[in-house]
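As structure tokens, the structure follows; a few thoughts come after it.
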Amino acid sequence: MRKSLIVILAAALAACGPAAEKEPNDELSQATVIGRRGAKGKISKASDVDAYRLEMGREGSLDGRIGGIRGVDFVLSVRDAERRELKRYDETATGGDEEIRDLGLGAGSYYVVVSNKDEKAANAEQEYTLELKLAQGPGREREPNESAQSASKLDVPGLTRGHYFPPRNLLSDDTGYAEVDWLSAEIAQEGLFLLNIDVSEVAKVDAVLEVYDTNFYKLKEIDLGGVGEGESLQNFGVRGPARYLLRLYAKRPGSGNAETPYEVLTELIPYQGRSEFEPNEQRADATPFGPESVSGTVSPEGDVDWYKVSVTDEQRMILRAGVQGPESLDLKLSFCDSLGQPLISADSAGKGQPELVTGVGVSKGEYYLVVSEKSGRKADARNAYTLNRSLVPYQPG
């Protein structure tokens with residue numbers, strides 16, 4: 001009885017493990033059916049191709065790894081039910097592992113094709129292991145998402161994880177094989193909001209974050225951090241309901257990281273008029289300056305923030321304005337007329353010091369205060385400046 005029980009348990013454990021390759025399986029029509037536990041097989045000769053069919057009962061994100069064996073240069077390819085290639089992985093040389101990251105699959109049939117690129121490969125005895133892991137639920141990048149049309153859904157508000165991987169898009173039409181991740185941010189609520197986006201740091205990667213509208217017009221480009229540093233966009237104005245597209249990629253072609261994911265943390269805050277409302281780089285998009293003070297950031301380099309001051313009193317008024325910036329920036333404050341022509345500029349103080357515009361006579365109408373970094377070559381996305389203004393009736397003398 002005990003011996004029979006051991007045999008039954010051993011058979012059950014074997015059934016739960018990776019599937020065994022069944023030759024011939026060089027063609028997709030001959031593909032070995034496997035489950036989410038992957039497969040084991042051999043490269044019998046340099047030209048050997050092993051095709052596996054994966055049946056997905058529900059959608060999810062697929063990760064995978066094939067163990068490198070001596071003398072073989074693996075290439076992994078994933079195809080859909082119509083046999084269209086979704087993604088190709090070939091990042092290591094002979095003897096190296098190949099990995100799959102964040103591949104978004106719906107319910108249905110897919111093919112994972114294992115091949116060898118080394119014409120001198122000769123290791124028919126050593127067995128490889130193809131490991132697969134499926135994750136369900138929101139908050140994950142879904143490859144392929146190299147175009148705006150195939151953008152992954154970004155949780156807003158919330159946390160979305162993905163990878164700068166593979167470092168190259170081997171199915172790209174251009175010779176640069178640029179790998180990018182497009183993410184779609186959808187705001188269903190009506191009203192005015194501030195969208196904050198923080199992209200975490202990832203070792204070996206210098207990230208660039210771009211924001212586009214639905215007409216693919218680039219609204220913002222954030223590239224402040226260096227290698228191994230994050231990026232941040234603060235106080236981005238949203239008029240909901242709305243949809244925006246984010247383009248995230250590694251600045252240096254071919255750089256990536258399969259082990260450490262990036263995290264995109266989004267925060268949606270109802271706009272209350274006490275901070276800048278990006279984009280406000282020009283007079284037509286100026287943030288209405290209603291309260292006595294607002295906060296904002298100079299980001300990216302060359303950023304210029306416009307604020308509209310509306311004078312409603314019939315009598316003449318005196319305007320006083322000042323900006324206090326972070327220690328990292330030397331700010332400039334300009335006062336402009338209704339056409340955006342600068343009348344007064346203040347930029348005499350140094351880094352972290354306030355700039356003041358005082359004693360400006362104004363009458364009923366619209367005016368503008370403009371905040372910028374003096375050199376146009378510095379930015380600070382994480383530390384805000386404070387802009388104050390006051391209007392008092394004019395008094396002779």
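The values are calculated or read from the model by the stated rules, or taken from the named source; none is laboratory data. The model shown is predicted, which means the values in this text are computed figures rather than measured ones. In this analysis, Cβ positions are derived from the backbone assuming ideal geometry, glycine residues included, and neighbour counts consider all displayed protein chains. These area figures cover heavy atoms from the full protein model, side chains too; ligands, DNA and RNA do not enter into them. Shrake-Rupley method; radii C 1.70, N 1.55, O 1.52, S 1.80 Å.
When both residues are 6+ apart or on different chains and their Cβ atoms are under 6 Å apart, which pairs have a first residue that lies in the range 181-200 and is closer than 21 Å to Phe216 by Cα and open to solvent by 10 Å² or more (accessible area, probe 1.4 Å), and a second that is among the aliphatic types (A, V, I, L, M) and not in a strand (DSSP E or B)?
Trp182/Ala148; Trp182/Ala151
Go through the range 276-289 residue by residue and tally those that are open to solvent by 10 Å² or more (accessible area, probe 1.4 Å) and outside any loop (DSSP other than H, G, I, E, B).
Total meeting the criteria: 4.
Residue-by-condition table, conditions (1) among the charged types (D, E, K, R); (2) farther than 14 Å from Glu263 by Cα:
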| residue | (1), (2) |
| --- | --- |
| Gly158 | no, no |
| Leu171 | no, yes |
| Asp181 | yes, no |
| Leu194 | no, yes |
| Val199 | no, no |
| Thr214 | no, yes |
| Tyr217 | no, yes |
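Looking at the range 142-174, which of the residues that are charged (D, E, K, R) and closer than 26 Å to Pro18 by Cα is most open to solvent (accessible area, probe 1.4 Å)? Show your work before the answer.
Filtering the range 142-174 for residues charged (D, E, K, R) gives 142-143, 146, 153, 155, 161, 168, 173-174.
Narrowing the set further to residues that are closer than 26 Å to Pro18 by Cα leaves 142-143.
Working: Arg142: 74, Glu143: 3 Å².
Ranking the qualifying residues of the range 142-174, first place goes to Arg142.
Which residue out of Ala207, Ala203 is more than 18 Å from Pro157 (Cβ to Cβ) and buried (at least 16 other Cβ atoms within 10 Å of the Cβ)?
On the way: Ala203 fails: buried (at least 16 other Cβ atoms within 10 Å of the Cβ).
The conditions single out Ala207.
When only residues in the range 210-248 that are over 27 Å from Pro167 (Cβ atoms) and of a type in the set (Val, Ile, Thr) count, which is most open to solvent (accessible area, probe 1.4 Å)?
In this case the residue turns out to be Thr214.
Taking the conditions exactly as written (of a type outside the set (D, E, K, R), surrounded by 20 or more Cβ atoms within 10 Å (Cβ to Cβ) and more than 30 Å from Asn280 (Cα to Cα)), does Tyr177 satisfy them or not? Show your work before the answer.
Details: of a type outside the set (D, E, K, R): yes; surrounded by 20 or more Cβ atoms within 10 Å (Cβ to Cβ): no; more than 30 Å from Asn280 (Cα to Cα): yes.
No: the conditions fail for Tyr177.
Yes or no: Gly296 within 21 Å of Leu192 (Cα to Cα), open to solvent by less than 10 Å² (accessible area, probe 1.4 Å) and not aromatic (Phe, Trp, Tyr)?
On the way: within 21 Å of Leu192 (Cα to Cα): yes; open to solvent by less than 10 Å² (accessible area, probe 1.4 Å): yes; not aromatic (Phe, Trp, Tyr): yes.
In short, yes.
Filter the range 20-36 down to residues that are modelled with pLDDT of 85 or more and in a loop (DSSP other than H, G, I, E, B), then give me how many there are.
Of the residues in the range 20-36, 8 are modelled with pLDDT of 85 or more and in a loop (DSSP other than H, G, I, E, B).
With respect to the numbered conditions (1) surrounded by 14 or more Cβ atoms within 10 Å (Cβ to Cβ); (2) under 26 Å from Lys220 (Cα atoms), which one is the sole condition not fulfilled by Ala346?
(2)
Do we find a residue being within 12 Å of the chain's Cα centre (by Cα) and hydroxyl-bearing (Ser, Thr, Tyr) anywhere in the range 129-139? Full working, then the answer.
Within the range 129-139, the first condition is being within 12 Å of the chain's Cα centre (by Cα), and the residues that meet it are none.
No: zero hits.
Given the condition open to solvent by 30 Å² or more (accessible area, probe 1.4 Å), closer than 18 Å to Asn257 by Cα and free of Cβ contacts under 8 Å to residues at least 24 places away in the same chain, answer yes or no: does some residue in the range 74-83 qualify?
Here is the first cut: in the range 74-83, the residues open to solvent by 30 Å² or more (accessible area, probe 1.4 Å) are 79, 81-83.
From what is left, the residues that are closer than 18 Å to Asn257 by Cα are none.
Scanning the range 74-83, I find no residue that is open to solvent by 30 Å² or more (accessible area, probe 1.4 Å), closer than 18 Å to Asn257 by Cα and free of Cβ contacts under 8 Å to residues at least 24 places away in the same chain, so the answer is no.
I'm trying to understand the selection: among the residues of the range 172-188, which are at pLDDT below 95 and not small (Gly, Ala, Ser)?
Within the range 172-188, Asp173, Asp174, Thr175, Tyr177, Glu179 qualify.
Within the range 12-19, can one find any residue that is modelled with pLDDT under 95 and either within 16 Å of Val113 (Cα to Cα) or part of a strand (DSSP E or B) (or both)? Walk me through it before giving the result.
Taking the range 12-19 and keeping what is modelled with pLDDT under 95, we get 12-19.
In the following step, the residues that additionally are either within 16 Å of Val113 (Cα to Cα) or part of a strand (DSSP E or B) (or both) were identified as 18-19.
Scanning the range 12-19, I find at least one residue that is modelled with pLDDT under 95 and either within 16 Å of Val113 (Cα to Cα) or part of a strand (DSSP E or B) (or both), so the answer is yes.
Taking only pairs six or more apart or across chains, which ones have beta-carbon atoms under 7 Å, a first residue in the range 380-397 that is open to solvent by 60 Å² or more (accessible area, probe 1.4 Å), and a second residue that is β-branched (Val, Ile, Thr)?
Val392/Ile318; Tyr394/Ile318
How many of the residues in the range 231-281 are at pLDDT 95 or above and touching a helix residue (DSSP H, G or I) at 6+ places or on another chain (Cβ under 7 Å)?
So the answer is 1.
Counting residues that are hydrophobic (A, V, I, L, M, F, W, C), which strands (runs of 3 or more DSSP E) fully inside the range 76-161 reach at least 2?
Details: elements: 85-89, 98-105, 108-116, 128-135, 152-154.
Filter on the range 76-161 gives 98-105, 108-116, 128-135.
Which one is most open to solvent (accessible area, probe 1.4 Å), of the residues in the range 40-53 that are of a type outside the set (Ser, Thr, Tyr) and either farther than 23 Å from Ala107 by Cα or at pLDDT below 95 (or both)?
My answer is Lys45.
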